Amino acid sequence: MNSFSKTLIGCTAALLLILGQGAFAQGKKIKSRLEPADFAYTLADGVTTREVTYYSDDVACYAKLFFPKGYSSAGKTPGVVLAQGWAGTHESIEKYGARFAEKGLVAMVIDYRGWGKSNGFSTLANKSLQSRPRNDDAQRFTRGEMRIETKRTRIVPTKQVEDIRNAISYLQGEPGVDQEHIGVWGSSFAGGNAIVAAAMDARVKAIAMQAPSIAGKNAKAEPFQLKGKMLEDAIQRARLGQGAEMETGYIERRVIDVESNQLVAEYRPFHELKHIGDRPVLFVVAQNEELFDNREHAFAAAEALTGPKKVIEIPNTTHFEMYVGPAFEISANAAADWFRQYLGAKK
């Protein structure tokens, strides 16, 4: 098994410990959410963009493509799909796409189904089978005027992974993108999504993550026990078509389904690490991560991997501070350089 490298930016390990303890002990204000001003970026000279629509299970989804200076549709430039974390949209991670393009990569920043500019999950407004014409399997498509309802802001991890994989397919069809050199980058909750997408899809040749949540290390290899409030909500969804709702979000407060509690509890990206094989994986973590324990997520994941791997720990930094200032510069550049190294981009 290859040993992985841990990089501490700017300080010795002893000084990091002092800084990390002092930040909280001295009452440092913790950045607990992102603001629109945190998303600002400027395109480097020659970098261009294009908004596109890709389809995931027939749902029209939004993405923005970032192209490096001198990009040619006749060439072969590596591409990277970028995905945001919990209750996020493309807006908060576009600047990473811009930086990747500045470094010579084609970057595709996506919105999941039901988030940002993507369409939502649609179904017939009248769900009763008894009040509609008989379904006929011999007639595959039914066209006509129908009342539908569309639900937004669902958090379904397996659907998000599907969206990432469909974005990969779109990116592979972009003239000038090297189909054989595709990477995936995920932030926060999307770190786990990046692992699962790569575990299922051999087209992913390199992975990088920022402040990644990679849950499941301590979960037993057995089915999740559905009981209590989660079971009550599952029964309600099955019998009535809609369960309870709750508020969440780190950028804007959004209403999601309580269903997400069950789906996240059953979601175990850590168990999928064994399917990554020898593909290169980069983790960039915040030393003062407050949402989960890095030792049970990024560091444990790196230990479990067998291919090229690296953990960069940014000192005196919390989860949401990773998106701004010096921490953003370190994280974005490290990921871009990782993809350049393992996907073969030319600046």
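Bear in mind that the values in this text are calculations on the coordinates, not laboratory data. Just so you know, these numbers come straight off a predicted model, no measurement behind them. For neighbour counting, all protein chains shown are included, and Cβ atoms are generated from backbone atoms with ideal geometry for every residue, glycine included.
Rounded to two decimals, the Cα radius of gyration of the range 48-140 over 2.2 N^0.38 Å is 1.50.
Provide the gained length on full extension for the span Tyr41 to Ala234, in nm with one decimal, where the gain is 0.36 nm per separating residue minus the Cα-Cα distance. Spell out each step's value before the answer.
Numbers: separation 193, 0.36 × 193 = 69.48 nm, distance 4.24 nm.
Contour length minus the Cα-Cα distance gives 65.2 nm.
Based on the Cβ-Cβ distance of Arg254 and Ala202, what FRET efficiency does E = 1/(1 + (r/R0)^6) give at R0 = 30 Å, to the nearest 0.05? Given R0 = 30 Å and the Cβ-Cβ separation, E is 0.30. Computed on the chain, with alpha-carbon pairs under 8 angstrom and 6+ residues apart, the relative contact order is 22 percent. Ranked by the mean number of other Cβ atoms within 10 Å of their residues, highest first, the peptides 51-61, 101-111 fall in the order 101-111, 51-61.
Exposure proxy ranking for Asp163, Asp293, based on other Cβ atoms within 10 angstrom of each Cβ and starting from the fewest, stands as Asp293, Asp163. Amide H contacts of Ile251: Leu34, each under 5 Å away and 5 or more positions distant or on a separate chain (H built 1.01 Å from N in the peptide plane; Pro and chain starts excluded). For Thr77, the residues whose modelled amide H falls within less than 5 Å of its own, excluding neighbours fewer than 5 places apart on the same chain, are Val177, Asp178.
Relative to the globular-protein estimate of 2.2 N^0.38 Å, the Cα radius of gyration of the range 174-257 stands at 1.51.
My understanding is that a pair violates if its Cα-Cα distance is over 20 Å; which of Lys151/Lys227; Lys159/Lys310; Lys274/Lys309 do that in this structure? Write out the running numbers ahead of the final one.
Working: Lys151/Lys227 26 Å; Lys159/Lys310 28 Å; Lys274/Lys309 14 Å.
Result: Lys151/Lys227; Lys159/Lys310 exceed 20 Å.
With a 10 Å radius around each residue's Cβ, average the other Cβ atoms per peptide and rank 173-185, 220-232, 74-86, 138-150, highest first. Could the numbers behind the result be given before it?
Values: 173-185: 19.2, 220-232: 10.8, 74-86: 22.5, 138-150: 7.4.
The most tightly packed comes first, giving 74-86, 173-185, 220-232, 138-150.
In nm, what is the difference between 0.36 nm times the number of residues separating Thr142 and Ser122 and their Cα-Cα distance? Write out the running numbers ahead of the final one.
Values: separation 20, 0.36 × 20 = 7.20 nm, distance 1.50 nm.
Length gained, Thr142 through Ser122: 5.7 nm.
Each residue, Ala219 and Lys76, gets one label point 7 Å from its Cα in the Cβ direction; the gap between the two is 3.8 nm.
Put in order of Cβ neighbour count within 10 Å, fewest first, the listed residues Leu273, Leu291, Leu240 become Leu240, Leu291, Leu273. Computed over the range 249-347, the range of Cα coordinates on each principal axis works out to 44, 35, 25 Å, biggest value leading.
Annotation: amide H-H contacts under 5 Å for Ala215 (H modelled 1.01 Å from N, sequence separation of 5 or more, or interchain): Phe270.
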